[in-house]
Amino acid sequence: MIIVMNKDATQAQIDVVVTELTAHNLQATVMQGTERIVIGAVGDERSLDAKHLETLAGIEKAVRIVKQYKMVSREFHQANKIINVRGVEIGSKQIQIIGGPCAVETPEQMDIAAKGVVSAGCRLMRGGAFKPRSSPYSFQGLGVQGLALLKEISNKYQLPIITELMDVRMLDTFLKYDVDIIQIGTRNMQNFDLLKEVGMTKKPVVLKRGMSATISEWLMAAEYIAAAGNDNIILCERGVRTFETAYRNMLDISAILVAKRESHLPVIVDPSHSGGKTWMVRDLALASIAAGADGLLVDMHPNPREALCDADQALLPEELASLVTASKTVAEAIGRSLP
Ligand code: PEP
Ligand code: MN
């Protein structure tokens, strides 16, 4: 950490800062510049909060040098993390496309959707049993009944399943139903108690980026899961909120590049919740693969017009199949592959 003192800082104020740094096991070096005094602090600065330090008298600013995330960083682990979900690898050269409805609705809907996922060539399926809806009067998902349906479909079609966990009290039920990947949605990215609890399992976790979260906050959220003992984390960019109203969220393509540079974790993209419009999904998906995404999470519904959740962004089964074919071309153009 670098601490810049005010121009008129007194020796007593400098001494207080040095004492504080020493108390945090940091080695302080006071450097006299021509204009002002700068103090360099060397050591593990993670336990020291720069903002807290700035409350001390005589400090102009304190700047952290080391990032606060460690276990999820590429510095800590150079090689890409590959996550194995019942034999399906996420984060390897092969790109995975996860398809399925926004919400689990009926056995028939899930059966047709699963057939569509398989025939498109996808090896993982999505479906929300617990839905985080903006309105309490909207369809909230089938709940535990939805988990049972997912399990049934998963067994029938040999498709590992990803589904969203919103409430820490449901974690045991998710484990009982042996959900393959736990999704933490955008609204819960900073639900730290939830993150700690999924961190205590070994289940793969898809951590969606908070709709207004910086990349650093997103990686810190991932660090919560890793620090609790679970490094099976897949980051998911799903668009961020801006002033624009022409689409649902702004897909942050640059975030794919930054997240992959900063972290060794796989990064997937949800083009459906980004664009929020069916006609945008394909191009956003292809752009994401071109930018280095390790996979996609795509809404698909056998009959989008009747979908109980996010009807305007779901692809038809045949549109998913066509997206997979196009994705293969882009993947191969950048030296990657699709199953
Ligand atoms: C979802 O994937 O069903 C979902 C609710 O996504 P998000 O958390 O990104 O809004
Ligand atoms: Mn949705």
Enumerate the calculated ³J(HN,Hα) couplings along the range 275-280 in order (Karplus 6.51 cos²θ - 1.76 cosθ + 1.60, θ = phi - 60°), each rounded to whole Hz, writing x wherever the residue is Gly or Pro.
-> x, x, 10, 3, 5, 8
From the backbone phi of the range 65-72, what are the Karplus-calculated ³J(HN,Hα) couplings (6.51 cos²θ - 1.76 cosθ + 1.60, θ = phi - 60°) in whole Hz, Gly and Pro given as x?
-> 9, 7, 6, 7, 8, 10, 5, 8
Where the accessible area of the range 83-333 is counted over protein heavy atoms with a 1.4 Å probe, how much of it, in %, is carbon and sulfur?
-> 53
Area of ILE215 that stays accessible when all protein chains are in place (1.4 Å probe, Å², to 10) = 30
Over all pairs of different Cα atoms in the range 83-333, the reciprocal of the mean inverse distance gives a Kirkwood radius in Å of 17.7
So in the chain, what percent of DSSP beta bridges are antiparallel if you round to the nearest 5?
-> 40
Heavy-atom accessible area per residue, the chain, 1.4 Å probe: how many Å²?
-> 45
In the range 2-63, carbon and sulfur make up what percent of the accessible area (probe 1.4 Å)?
-> 54
Under 4.7 Å Cβ to Cβ, no partner at all: give me those cysteines from the chain, in residue order.
-> CYS122, CYS236
Just by accessible area at a 1.4 angstrom probe, what is the order of GLU105, GLU318 from largest to smallest?
-> GLU318, GLU105
Counting DSSP beta bridges in the range 165-308, what percent are antiparallel, to the nearest 5?
-> 10
Order the following by accessible area, largest value first: LYS81, LYS131, LYS176. Probe radius 1.4 Å; ligands, DNA and RNA are ignored.
-> LYS176, LYS81, LYS131
Taking the Cα centre of each part, how many Å lie between the range 68-139 and the range 261-339?
-> 11
From the backbone phi of the range 181-186, what are the Karplus-calculated ³J(HN,Hα) couplings (6.51 cos²θ - 1.76 cosθ + 1.60, θ = phi - 60°) in whole Hz, Gly and Pro given as x?
-> 10, 8, 9, 9, x, 4
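The values are calculated or read from the model by the stated rules, or taken from the named source; none is laboratory data. Here the structure is a predicted model, which means the values were calculated and not measured. Note: ideal-geometry Cβ built from the backbone for every residue, glycine included; neighbour counts use all protein chains shown. Accessible surface is based on the protein model in full, side chains and every heavy atom, while ligands, DNA and RNA are left aside. Shrake-Rupley method; radii C 1.70, N 1.55, O 1.52, S 1.80 Å.
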